[in-house]
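Quick notes on the structure that follows.
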There are 2 protein chains.
Amino acid sequence: MNEYKDIINIYDANIKEEKDYEKLIKFFGVKEIDDIILNNLKYITGDLHVLLRRKFFYAHRDFDILLNKYNEGKRFFLYTGRAPSKSKMHIGHLIPFLLTKWFQEKFNVNVYIQIPDEEKYWEKKADNYEEIREYALEDAKTIASLGFDPDKTFIFIDSEYIKNMYKAAIYVAREINLNTAKSVFGFDDNSTIGLPFYIALQIVPTFFERNIPLIPCGIDQDPYFRLQRDIAEKFGYYKASTILSKFVWGLQGPYTKMSASDPKSAIFIDDDYDTIRYKIFKYAFSGGRGTLEEHRKYGGNPDIDVSYFWLSVLFEEDDNKLKEIREKYIMGELTTGELKEYTAKKIWEFLSNIQERRKNINIDKFMYDGRLAREMWEWEFRI
Amino acid sequence: MNEYKDIINIYDANIKEEKDYEKLIKFFGVKEIDDIILNNLKYITGDLHVLLRRKFFYAHRDFDILLNKYNEGKRFFLYTGRAPSKSKMHIGHLIPFLLTKWFQEKFNVNVYIQIPDEEKYWEKKADNYEEIREYALEDAKTIASLGFDPDKTFIFIDSEYIKNMYKAAIYVAREINLNTAKSVFGFDDNSTIGLPFYIALQIVPTFFERNIPLIPCGIDQDPYFRLQRDIAEKFGYYKASTILSKFVWGLQGPYTKMSASDPKSAIFIDDDYDTIRYKIFKYAFSGGRGTLEEHRKYGGNPDIDVSYFWLSVLFEEDDNKLKEIREKYIMGELTTGELKEYTAKKIWEFLSNIQERRKNINIDKFMYDGRLAREMWEWEFRI
């Protein structure tokens, strides 16, 4: 149970090299998302989201079982979250929400989005709680702008919604001891007394419905839900199913962290076109050659190129177009400048839509007065 | 800092012998309540509550300073609490509330009473949360029946009031790490993840006012407030002052625990006269002699007699009468039966009043719609 901590620090999500992802599958005891499961899903949904098609979501826990149960008539609901910190969201933060939104569209199910405003503060990743609280609301607006159904989506900030969650947290916190918490999450006695308790709060929303919780999230978040699976049935609820993603690259290169606290590493949701273009041209690590001449002669390496990475993960949905870019880049037909130009445009295309929707977002519907939100402010945990 | 745990287990409040109380004073670094401080208090209040006069509250932290500040015009407020468990309250549980009520009467100040319905559950002292929740309300009613001012007293159950407390708990929980929590409270990694977090919740009410918190409680509770004192000024609040009591004896004898889960050890608040009398006669350890003849000849020992203990701590307020009882018992003039009969009557006198008031208690005033309660449901923590 301990070894995975040599690969990732759960409080600093990242890995060192591609093969670490396979190790994580083994250490966590999860399964790879293979073509069989994707075909089964596609049979229901008609198509597959680019994040699935490209296998950026690459592992799962019981998603195959969930699909079988779905086919037998069993319902599920979606749950994911975002811990606000000391800066706004970057494009990497969108990943779990984009897949969650796709699932909502395809299956017409409820989505619960937790904004834990205590986590980063207790982790000491951010020092100003009032500022975190402001980002909590900003993040909620950004997330809502991705196109979730306002009557089937409930976005809640922990400190606002704690009254409804606390009873369940009392039950959950009793089932987990410090030993387990430490061995699963890797913190030590220098941790604040808040952080172990937070585990309970991240588990609570899996009990919002008596249906199966499906949780798209980074693979670093799986430990929370492994603990949930030890508890859920005892309380009369379903074990959570997770769909687990890899980590995005920062602009500095392969397996660097896109960190909101380092603006050189990240493209933020509210960056304008010029900023995006500037950052990509100035900071995005390139797999191209040192000179144009060499590039034309020897070609570039898309597999270490941050622009190509982002196209392949998310921003180039057209599989043929991506293949063409890849091939031309390898052949040296496509230059680094051209690839960067194209990537900047694709990212802007994507973000400008979100920015536009964000201007007029009615966040109250998601948080307080949409159909699901109204229901949830009446919700009480029952065992 | 560690040694006091050889003397008391904070989660099982009791000691082994009288001299342990002095050791606790040294280990905790608190001060004895001496005649100087009592005279200073009496100068303001006119008289002294029996629990002070008999020095059952025997230690304090900064109470002398609080009195000086009071004389300079500074205000204070009272805070204490009761963690509901799997049975109703016994007479020992009344101690901190009786002194708190006396202080309210004398100083006309606000009282805050916390009913933490999560603590015993997280401690695994009780297994049925729903039952604890029921006792929480029963305990609130019992406490309110002691005669607190309904417009100046706020009784709150953690799980109900958590929304208002949580922001402060977020701040407090960040300031305490597991190391400190363990060394101060003596729990280990088998503890649930709830218990360390609970420390924050017990500290939060010390920030309900920008006045000095005065906390009458058992000396085992002092560690919570020692931690509070490390944090308070950083947040712009006052360090807590505590008035610390000894532990009551169970019916089984000196330094046994009066435990609500052992009905042979305890007299409950709602016991009727016959039950009280029966328990005292059947279970109360006596300092009397084996036969009446021996008793008349050699006399009894009041210092190991549970009936006498309870008279001296609380139920015989008349100092002269107590002295007379003590002397007559030592001389063998007063028999064990007579002492028990008298004690049963005094306890019944005391409890029947509470039981009578409890029948018609308007608990909503204390919890929701009295003047202070209404204010507190609007209260928000500000740093």
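The values are calculated or read from the model by the stated rules, or taken from the named source; none is laboratory data. Given the structure is predicted, the values throughout are model-derived calculations rather than measurements. Glycine also receives a Cβ, built like all others from the backbone with ideal geometry; neighbour counts cover every protein chain displayed.
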ask   = In the range B:162-218, which residues are more than 7 Å from chain A (Cβ to nearest Cβ) and of a type in the set (Asp, Glu)?
value = B:175, B:188, B:209
Filtered residues of the range B:93-124 (kept if away from chain A (no Cβ under 14 Å) and not hydrophobic (A, V, I, L, M, F, W, C)) = B:93, B:96, B:100, B:101, B:104, B:105, B:106, B:108, B:110, B:112, B:114
task = Take the range B:224-240 and flag every residue that is among the acidic types (Asp, Glu) and within 11 Å of residue B:184 (Cβ to Cβ).
result = B:230
request  = Would you mind stating whether residue A:107 is over 30 Å from residue B:381 (Cα atoms) and surrounded by 23 or more Cβ atoms within 10 Å (Cβ to Cβ)?
outcome  = no
query = Restricting the first residue to the range B:252-271 and requiring it to be more than 19 Å from residue B:315 (Cα to Cα), which pairs with a second residue that is outside any loop (DSSP other than H, G, I, E, B) and of a type in the set (Ser, Thr, Tyr) meet a Cβ separation below 6 Å and a spacing of at least six or different chains?
reply = B:264/B:283
ask   = Of all the residues that make up the range A:304-334, how many are in contact (Cβ under 8 Å) with a residue 24 or more places away in the chain, in a helix (DSSP H, G or I) and not aliphatic (A, V, I, L, M)?
value = 9
Criterion (under 25 Å from residue A:32 (Cα atoms) and over 19 Å from the mean Cα position of the chain (by Cα)) met by exactly one of A:211, A:164 = A:211
task = Identify the single condition in (1) free of Cβ contacts under 8 Å to residues at least 24 places away in the same chain; (2) more than 23 Å from the chain's Cα centre (by Cα) that residue A:196 does not satisfy, given that it satisfies every other one.
result = (2)
inquiry  = Out of everything in the range B:125-157 that is at the interface with another protein chain (Cβ under 10 Å from one of its Cβ atoms) and surrounded by fewer than 24 Cβ atoms within 10 Å (Cβ to Cβ), what residue ends up being nearest to the chain's Cα centre (by Cα)?
reply    = B:133
query = Hey, residue A:83 hits all of (1) more than 16 Å from residue A:206 (Cβ to Cβ); (2) touching a residue at least 60 places away in the same chain (Cβ under 8 Å); (3) part of a loop (DSSP other than H, G, I, E, B) but one; which does it fall short on?
reply = (2)
message = So residue A:48 passes all but one of these: (1) out of contact with any helix residue (DSSP H, G or I) (no Cβ under 7 Å at 6 or more places or on another chain); (2) without any contact (Cβ under 8 Å) to a residue 60 or more places away in the chain; (3) farther than 27 Å from residue A:253 by Cβ. Which condition number does it fail?
response = (1)
Any chance residue A:327 is surrounded by 15 or more Cβ atoms within 10 Å (Cβ to Cβ), acidic (Asp, Glu) and not assigned by TED's automatic domain parsing to the domain that holds residue A:94 = no
ask   = Name the residues in the range B:62-113 that are under 29 Å from residue B:265 (Cα atoms) and of a type in the set (S, T, N, Q), would you?
value = B:80, B:85, B:87, B:100
request  = Among the numbered conditions (1) under 18 Å from residue B:24 (Cβ atoms); (2) in contact with a strand residue (DSSP E or B) (Cβ under 7 Å, 6 or more places away or on another chain), tell me where residue B:258 comes up short.
outcome  = (1)
key: Of residues in the range B:51-66 being in contact (Cβ under 8 Å) with a residue 60 or more places away in the chain and more than 19 Å from residue B:313 (Cα to Cα), the one surrounded by the fewest Cβ atoms within 10 Å (Cβ to Cβ)   = B:65
request  = State the number of residues belonging to the range B:259-275 that are within 16 Å of the chain's Cα centre (by Cα), part of a loop (DSSP other than H, G, I, E, B) and modelled with pLDDT of 95 or more.
outcome  = 3
message = Take the residues in the range A:77-89 that are out of contact with any Lys or Arg (no Cβ under 6 Å at 6 or more places or on another chain) and buried (at least 21 other Cβ atoms within 10 Å of the Cβ); name whichever of them is nearest to the other protein chains (Cβ to nearest Cβ).
response = A:84
message = Going through A:312, A:245 one at a time, which residue ends up being under 27 Å from residue A:216 (Cα atoms) and in the same structural domain as residue A:223 (by TED's automatic domain parsing)?
response = A:245
Selection from the range A:273-306 of residues that are under 19 Å from residue A:87 (Cα atoms) and touching a Leu at 6+ places or on another chain (Cβ under 9 Å) = A:276, A:279
query = Do we find a residue being surrounded by 17 or more Cβ atoms within 10 Å (Cβ to Cβ), out of contact with any strand residue (DSSP E or B) (no Cβ under 6 Å at 6 or more places or on another chain) and closer than 28 Å to residue A:8 by Cα anywhere in the range A:288-303?
reply = yes
query = Considering the range A:105-159 alone, what residues qualify as being touching a residue at least 40 places away in the same chain (Cβ under 8 Å), under 30 Å from residue B:175 (Cβ atoms) and among the acidic types (Asp, Glu)?
reply = A:117, A:118, A:119, A:123, A:127, A:131, A:138, A:139, A:158
